[in-house]
Amino acid sequence: MTSLEIRGYAKYLGMNLEEDENLLWIARSGLKTPLPEHWRACRTGNQEIYYFNFKTGESIWAHPCDQYYKDLYQKEKAKKLQSNEHKDQLQNELKVSLFTLNL
């Protein structure tokens, strides 16, 4: 898998490539994920790929695991934002403490 493929899938998942560089592992993992049991990639007469579940008869255009990786990205992004907010809060508290000490 190429860097271009990883970045393309990352965009598909909703990532901002500049802000979410440290979350590209999610896209890399998603591209490596095999199809779940009973699912197969098929092609239409126009060579478009779709996915078919031979047990249930369901067919879909998106890889059956795409939503999992979209949700995982959202979860990890939220954790990252929360961590950044916590860091900002600690920095502000430190500034206030330092200012108080200088009084």
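General observations
- Identity of the residue in region 11-31, in a loop (DSSP other than H, G, I, E, B) and among the charged types (D, E, K, R), that ends up surrounded by the fewest Cβ atoms within 10 Å (Cβ to Cβ): 18
- Where a residue in region 35-48 is without any contact (Cβ under 8 Å) to a residue 60 or more places away in the chain and its partner, wherever it lies, is assigned to a loop (DSSP other than H, G, I, E, B) and among the β-branched types (Val, Ile, Thr), with Cβ under 8 Å and at least six apart: 38/56
- From the list 47, 67, the one residue that fits, being on the phi > 0 side of the Ramachandran plot and modelled with pLDDT of 95 or more, is 47.
- Filter result (over 20 Å from residue 12 (Cα atoms) and assigned to a loop (DSSP other than H, G, I, E, B)) within region 46-62: 46, 47, 54, 55, 56, 57, 58
- Summed over region 12-68, residues that are within 21 Å of residue 2 (Cβ to Cβ) and either of a type in the set (D, E, K, R) or in contact with a Ser or Thr (Cβ under 7 Å, 6 or more places away or on another chain) (or both) total 7.
- Flag if residue 61 is in contact with a Pro (Cβ under 6 Å, 6 or more places away or on another chain) and over 22 Å from residue 81 (Cβ atoms): no
The values are calculated or read from the model by the stated rules, or taken from the named source; none is laboratory data. It should be emphasised that the depicted structure is a prediction, and the values quoted were computed from it without experimental measurement. All Cβ positions, glycine included, derive from the backbone under ideal geometry; neighbour counts span all protein chains shown.
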